[in-house]
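Q: My questions will all concern the structure given below.
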């Protein structure tokens, strides 16, 4: 006769089997639903573009669907136009069009209506696929201008981080230059202790911001060197980078001396905590602000696998980020044109 523990293991295997099949079924239903909306949008688009149908016919179609299929949701006038727009937005993009069935219709509509360029749309579609975003999580990422902050970030401080944060897992691997911590709800005046306490209290949202590949290890993580104890503000493990990631929190502008302190922490982690199969530890100094030139001077002679990022406790103006990215693109294009002359 099996023991209680053996039975529990067997029962857990059954639960896993049920959950796996149920999740597969949900994904299949979603895929078929989005495919239906795609085909419906294609049919409407082609009829309208051929000149066979006008606006009034779509109104009549909406009335017909409501009358004949009253329980079938989404086929009102607004929904039909969304399906048409959905198809027309992605139909000529061979990269993005196969991806849309892998996320929910709700998230598809949010991306369609809340983003501008096809690059931004692809970015959030891939983010949804990789991170299984809920509607609320996706809305937060779009509202905080995550795409623009990602594109404006180097994702590295030097060669060692560049190797660790390759684009194979785009768009999940890049460490950002700017983090939006608007969810912390901090007062105008706060200490580093307050900042850390609020991050820990909002850890789920913090991980959503820094990336779901991060796993929380601990706060005030103790390392002992000689007969002295030292404490790292926050320690995480990143599954994609396959390394420990130390966060140091600063409520003021970046100072060059922060780098040497982080280097000390990373050396201790690599000697005492890093496993043989793991990559060298990475540090992120999270400051209230930074002077790019000061950071560049500080890092120019340093081999430190450390990134200096700034954070905002208010929601960052997405329009400002958009304009900044546009300016950089125009500068790159102008430089390329000059090189061709």
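Q: For residue 284, state whether it is under 23 Å from residue 147 (Cα atoms), touching a residue at least 40 places away in the same chain (Cβ under 8 Å) and part of a strand (DSSP E or B).
A: Taking the combined requirement at face value, the residue satisfies it.
Q: If I go through the range 298-324 residue by residue, how many of them are crowded, with 17+ Cβ neighbours inside 10 Å, modelled with pLDDT of 85 or more and not in a helix (DSSP H, G or I)?
A: The number of residues fulfilling the criteria is 8.
Q: Right, something else. Considering only residues that are in contact with a strand residue (DSSP E or B) (Cβ under 9 Å, 6 or more places away or on another chain) and farther than 25 Å from residue 282 by Cβ, which ones fall in the range 302-322?
A: Those that are in contact with a strand residue (DSSP E or B) (Cβ under 9 Å, 6 or more places away or on another chain) and farther than 25 Å from residue 282 by Cβ: 314, 315.
Q: Collect the residues in the range 36-84 that are exposed (fewer than 13 other Cβ atoms within 10 Å of the Cβ) and within 14 Å of residue 109 (Cα to Cα), keeping them in residue-number order.
A: Residue satisfying the conditions is 78 alone.
Q: Is it true that residue 138 is at pLDDT 90 or above and under 24 Å from residue 182 (Cβ atoms)?
A: Against the criterion (at pLDDT 90 or above and under 24 Å from residue 182 (Cβ atoms)), residue 138 qualifies.
Q: To continue, here is another question. Being in a helix (DSSP H, G or I) and buried (at least 17 other Cβ atoms within 10 Å of the Cβ) is the filter here; which residues of the range 197-219 pass it?
A: Hits for the range 197-219 are 198, 199, 206, 208, 209, 210.
Q: Here's another thing I want to ask about it. Tell me, which helices (runs of 4 or more DSSP H) wholly within the range 48-128 include 2 or more residues that are over 25 Å from the mean Cα position of the chain (by Cα) and under 30 Å from residue 148 (Cβ atoms)?
A: Here the list reads 77-90.
Q: Identify the single condition in (1) assigned to a loop (DSSP other than H, G, I, E, B); (2) over 17 Å from residue 214 (Cβ atoms) that residue 278 does not satisfy, given that it satisfies every other one.
A: Unmet for residue 278, out of (1) assigned to a loop (DSSP other than H, G, I, E, B); (2) over 17 Å from residue 214 (Cβ atoms): (2).
Q: For the range 164-185, give me the residue count where each residue is part of a loop (DSSP other than H, G, I, E, B), at pLDDT 85 or above and surrounded by 18 or more Cβ atoms within 10 Å (Cβ to Cβ).
A: Looking only at that region, the number is 3.
Yes or no, residue by residue, for (1) in the same structural domain as residue 193 (by TED's automatic domain parsing); (2) surrounded by 12 or more Cβ atoms within 10 Å (Cβ to Cβ); (3) on the phi > 0 side of the Ramachandran plot:
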{"residue": "273", "(1), (2), (3)": "yes, yes, no"}
{"residue": "285", "(1), (2), (3)": "yes, yes, no"}
{"residue": "290", "(1), (2), (3)": "yes, yes, no"}
{"residue": "296", "(1), (2), (3)": "yes, no, no"}
{"residue": "326", "(1), (2), (3)": "no, no, no"}
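The values are calculated or read from the model by the stated rules, or taken from the named source; none is laboratory data. Treat the numbers as computed from the prediction; the structure is a model and nothing was measured. Glycine gets a Cβ as well: all are built from the backbone with ideal geometry, and neighbour counts include every protein chain shown.
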